[in-house]
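Inspection log for the structure reproduced underneath, given as structure tokens.
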Amino acid sequence: MLWLQILVYLALLVFGVATAAKIWKYASAPIHLRWELYPVTADREKKYGGSYYEEMEWWKHVPKKNLFHELLAMGEEILFLKGVYENNRGLWYASYPFHLGLYALVGLIGLLVAGALAEMAGISVAFASPSLIGVALYCLTMLAGYAGLTLALAGCVGLLAKRLKDPALRPMTSPADYCNLGYILTLLVVAGAAWLFADPTFSAARAVAGSVITFQPLPETSGIVMLELALFSIFLLYMPFTRMTHLFAKYFTYHKVRWEDSPNLPGGPWEGKIQEVLNFGVSWQAPHIQTGKTWADIATEMPQEEGS
Amino acid sequence: MKPRQEWKASDFGMPSEQMTELDPSRFLKLPPPYEDWDDGEMQSLSEDQKGRIEHSLDGVTAIGIPKPASPEEAEKRVADFLEGLRKLLTKEDNWTFLQPLLLSMENCVKCQTCNDACPVYTSSGNEEIYRPTFRGEVLRRIINKYLKPGGKVMAAFRGNDIELNWGTLARLAELSYRCTLCRRCAQVCPIGVDNGLITREIRKLFSQQLGINVDELHGSGTVKQLQVGSSTGMNPTALMDIIEFAEEDILERTGLNIKIPIDKEGADYLVMHNAGEFLSWPENLQAFAIIFEIAGVSWTLSSEQVGYDSVNYGLFYDDFMLARIALRQARIAKGLKVKSVLQGECGHAHKAFMPIADRVFPAELNVPRESCFPLLEDLVCNEKIMVDPSRNDFPVTLHDPCNITRSMGIVEPQRRILRKICPQFREMTPHGVNNYCCGGGSGFAIMQGSNFPDWRNKISGRRKFKQILDVFQDSIGPETRKYVCAPCSNCKGQFRDLLGHFDAWERCRILYGGLVELIVNAMVDVKEPFIEWDFH
């Protein structure tokens with residue numbers, strides 16, 4: 001079982017590092033030219049998509065960023081896949097249960113860890129537990145597990161069918177995309193079999209979670225639960241290298257691009273950042289660009305091809 | 001040639017005379033009186049052009065890329081392209097859009113939610129290569145296969161199967177000019193991926209690294225503007241003649257003796273118009289002058305090169321040309337010591353000079369910049385000029401320029417004006433931030449080379465033409481004059497061609513024009529009707 005323990009920690013490490021690296025890559029990118037799409041969420045009074053540019057002397061009317069409104073809009077997107085529902089209903093019928101199921105299964109992992117911690121604290125996690133916390137953890141775990149599995153399975157099958165049959169999706173789907181969905185389907189089927197036939201109350205899974213967080217050897221358990229754990233670990237290993245990271249990227253596409261909506265006002269925070277990027281060296285080579293100079297130099301000179 | 005719907009991104013590098021043949025019988029159907037409209041065949045290139053110019057995408061040419069003289073030249077261009085692609089992915093060379101580009105390149109799940117939002121794709125009868133995701137997918141595969149370590153290992157399995165050769169590049173360059181950058185695709189994307197941006201970045205890569213761009217945008221566009229003063233070729237002397245003519249014309253048409261202020265230091269507003277207004281639609285320039293003079297607005301035009309032309313085609317294809325023009329305009333405004341620069345009725349000039357250039361202005365050139373629409377709303381709705389709406393008692397609809405609405409959020413001021421001055425104002429569906437592009441966006445309106453205008457009129461403008469017909473269905477016959485208010489110079493250029501192509505003035509009496517013309521037409525201080533009902 002040592003190999004499995006190593007695989008689990010390796011998967012967690014790679015997942016954590018690769019995900020953090022990807023987030024850092026986006027977060028550390030330099031400022032960019034503004035590229036909003038309205039409506040932005042900051043101004044709830046202008047739900048039709050209006051902005052401060054609708055005002056005379058608009059610089060006196062720039063609304064303050066409202067994180068709550070942004071989170072509300074993101075919440076609608078994440079919890080209900082609102083955009084897909086409104087613009088691609090056929091896909092939503094498969095995509096929504098899939099995503100909702102995955103959210104529940106991510107929740108399941110949290111509940112297994114919480115359950116393991118509770119048991120370490122002497123709280124029995126069971127339906128007949130004397131502790132309310134134990135009962136709640138037990139019930140929520142069962143709900144998240146089985147509901148999540150059912151929804152994710154149904155959605156995954158639906159997505160595979162859509163990709164195979166839909167003439168709009170098929171030409172854009174690679175063998176790797178099918179394998180990816182196929183792998184998730186296999187993982188879900190194995191997990192379902194493990195829960196139904198070997199670990200119906202998630203006690204083994206909870207024990208595994210407990211051993212992982214306490215760096216103890218994995219408990220002896222059935223082969224199918226081990227297979228489930230191995231498949232899940234492999235999934236964690238490759239997930240950050242796929243487009244599934246849209247989960248994290250979405251924060252940036254919305255908050256840092258579509259809804260950024262932050263003008264460069266005199267004396268404001270953008271001035272220093274702009275000065276910094278204007279000093280970047282340039283190596284573009286078309287005739288109208290004086291390669292080797294800074295961005296600011298090139299932007300203030302005439303095109304080179306005209307001999308100025 | 002393969003059947004149109006079977007094309008995949010992996011076929012993009014396969015040699016063939018022409019990837020796809022556009023089939024007009026599949027184009028978007030139009031409502032009455034165009035149910036039986038015959039689009040005819042797509043205009044094809046002459047044999048001579050076919051021999052000289054790259055056309056292997058769809059038989060249309062926007063750029064007119066000459067074929068390489070030798071295999072060695074083709075290879076060199078491919079190598080240059082790859083070098084440029086690397087630059088596109090570095091922060092020094094592409095700080096301007098690196099973050100949004102990476103986000104869009106790495107996170108598209110190809111769910112195709114964007115397809116139905118695209119007016120080009122849907123108008124063409126769902127032509128596979130016009131899918132919003134198609135050109136991004138081609139670029140993504142090139143990056144994954146040719147720039148990433150181990151990219152060629154199991155490339156087909158990983159969905160990176162594409163051959164990079166000169167044909168691939170020529171097609172990709174052309175394909176980047178089959179999208180109007182309207183960004184409806186981005187607006188419906190649940191992840192926030194922006195295929196419009198990817199398209200612009202492809203154009204930029206070709207321009208900034210290989211010097212491949214559209215002459216109307218670059219040589220006869222931004223370069224001419226910087227050298228002569230305007231992409232129209234209008235120099236300061238010609239400007240003064242045009243201004244003099246405009247003053248005489250105002251006097252003749254309205255009896256108002258108005259002196260258009262030039263280079264007035266310390267004015268509240270430096271008004272910048274698209275120079276197309278001076279030459280093609282002088283009534284727009286005149287209407288602004290009438291409104292501002294009667295309302296007592298403190299304003300001026302500039303006679304300095306570039307200062308009298310708000311155009312900035314750099315927005316569509318090249319960051320440096322964009323910045324050069326914006327910085328020059330800002331410097332002129334500073335020199336005149338005006339309180340603010342007011343953008344006239346030009347969508348891309350609004351976007352280029354206000355939000356986009358916002359981050360290329362060093363502190364000393366960060367001049368205040370405003371849209372004309374809030375000011376016009378103030379003048380009309382707060383009755384600083386008096387209007388009689390009955391003078392505009394004909395069907396009017398509003399075309400929303402993408403750059404003003406979806407990209408800047410200026411949606412209501414122009415509507416509040418129209419509701420006040422046009423009793424028969426009605427909205428298209430959809431409108432506002434969800435509008436459809438006129439079909440001339442991203443420079444298409446001024447691109448008149450070869451067979452591109454035929455493509456533009458039949459495909460990229462088709463959705464908008466359908467919207468216009470739909471909104472006027474209650475009075476579609478030629479007995480009722482109808483007005484499409486298009487407060488954008490480029491959109492008006494597109495409507496001139498589009499309505500002309502479909503003979504919509506003769507068949508339906510549909511005229512297009514700006515917003516200020518409607519305002520002046522309703523002003524009680526102007527005795528005669530200002531709008532002249534002749535198509536031009």
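The values are calculated or read from the model by the stated rules, or taken from the named source; none is laboratory data. Please read these numbers as outputs of a predicted model, since none were measured by experiment. Backbone-built Cβ (ideal geometry, glycine too); neighbour counts: all protein chains shown. Calculation scope for accessible area: heavy atoms of the full protein, side chains included, ligands and nucleic acids excluded. Shrake-Rupley method; radii C 1.70, N 1.55, O 1.52, S 1.80 Å.
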Completion exercise
Sorted by chain and number, the residues with a modelled amide H under 5 Å from that of B:LEU342, at a separation of 5 or more or across chains, are B:LEU270, B:VAL271, B:MET272, B:GLU370
Handout entry: Selected from B:ILE262, B:ALA246, B:MET321, residue furthest toward positive end of dipole (chain B; charges at beta carbon)
Key = B:MET321
Completion exercise
Note, region B:440-448: 3J(HN,Hα) by Karplus (6.51, -1.76, 1.60, θ = phi - 60°), whole Hz, Gly/Pro = x, goes x, x, 6, x, 4, 4, 9, 8, 10
Problem - region B:4-210 shape via C-alpha gyration tensor axes, a/c threshold 1.5 - result: oblate
Completion exercise
Taking the dipole of chain A about the Cα centre (Lys, Arg +1; Asp, Glu -1; charges at Cβ), the one of A:ALA191, A:VAL277, A:PRO167 that reaches farthest to the positive side is A:ALA191
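Am I reading the A/B interface right? What is its buried accessible area, both sides, 1.4 Å probe, to the nearest 100 Å²?
Adding both sides of the contact gives about 7900 Å².
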Completion exercise
Note to self: C-alpha centroids of region B:475-516 and region B:201-215 sit apart, in Å, by 33 Å
Problem - Projected label distance in nm at A:ARG89 and B:ALA69, using a 7 Å step from Cα toward the beta-carbon - result: 6.0 nm
Fill in the blank from the handout: Once normalised by the length of region A:119-187, the mean sequence separation of its alpha carbon contacts under 8 Å that are 6 or more apart gives a contact order in percent of 18 percent
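If one computes P(r) from the Cα atoms of region B:222-522, what percent of pairs lie at distances over 38 Å?
I get 8 percent for the Cα pairs in region B:222-522 exceeding 38 Å.
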Practice task
State whether the protein assembly as shown is rounded, prolate or oblate according to the following rule on the C-alpha gyration tensor (a ≥ b ≥ c being the square roots of its eigenvalues): a/c under 1.5 gives rounded; otherwise a/b larger than b/c gives prolate, and the remaining case gives oblate.
Solution key: prolate
Practice task
For chain B, give the magnitude of the charge dipole about the Cα centre (Cβ charges: +1 Lys/Arg, -1 Asp/Glu; no others), in debye to the nearest 20.
Solution key: 1940 debye
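What percent does the relative contact order of chain B come to when contacts are Cα pairs within less than 8 Å and at least six residues apart?
15 percent
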Exercise for the section: Taking every pair of Cα atoms in region B:139-213, average 1/r, invert it to obtain the Kirkwood radius, and report Rg/Rh to two decimals. Expected result: 1.01
Practice task
Determine the calculated [θ] at 222 nm for chain B from helices alone, applying -39500 (n - 2.57) to every DSSP H run no shorter than 4 residues and normalising by the residue count; nearest 500 deg cm²/dmol.
Solution key: -11500 deg cm²/dmol
Fill in the blank from the handout: For chain A the mean separation of alpha carbon contacts under 8 Å (6+ apart) over residue count, i.e. relative contact order in percent, is 23 percent
Practice task
Report the calculated FRET efficiency for B:LYS29 and A:LEU140 (r = Cβ-Cβ distance, R0 = 41 Å), to the nearest 0.05.
Solution key: 0.15
Exercise for the section: Evaluate the distance, in nm, between pseudo-label points positioned 7 Å from the Cα of A:PHE80 and of A:VAL106 along their respective Cα→Cβ axes. Expected result: 1.9 nm
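Just to confirm a number: summing +1 for Lys and Arg and -1 for Asp and Glu over residues other than A:THR245 whose beta-carbon lies under 12 angstrom from that of A:THR245, what do you get?
Working: positive: A:LYS22, A:LYS25, A:ARG243, A:LYS250; negative: B:GLU106.
With Lys, Arg at +1 and Asp, Glu at -1, the neighbours total +3.
When the dipole is taken about the Cα centre of the protein assembly as shown, and only Lys, Arg (+1) and Asp, Glu (-1) are charged at their Cβ, what size is it in debye, to the nearest 20?
In total the dipole reaches around 2620 debye.
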Problem - Accessible surface, per residue, of chain A when the full set of protein chains is kept, probe 1.4 Å, Å² - result: 47 Å²
Practice task
With a point put 7 Å past each Cα toward its Cβ, work out how far A:ASN279 is from A:GLU220 in nm, to one decimal.
Solution key: 6.7 nm
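Can you tell me the dipole magnitude for chain A around its Cα centre, using point charges on the Cβ only (Lys, Arg +1; Asp, Glu -1), in Debye to the nearest 20? Write down the numbers at each step before the final one.
Working: 22 positive and 24 negative charges, 127 e Å.
It works out to roughly 600 debye.
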Handout entry: Cα-based shape type of region B:317-359, given that a ≥ b ≥ c are square roots of the gyration tensor eigenvalues and the cut on a/c is 1.5
Key = oblate
Problem - Potential extension, B:LYS76-B:GLU21 segment - 0.36 nm per residue separation minus Cα distance - result: 16.8 nm
Handout entry: Accessible area, probe 1.4 Å, largest first, for residues B:LYS110, B:LYS76, A:LYS256
Key = B:LYS76, A:LYS256, B:LYS110
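Taking the highest mean first, how do the peptides B:401-411, B:124-134 order by number of other beta carbon atoms within 10 angstrom per residue?
By packing density, highest mean first, the sequence is B:401-411, B:124-134.
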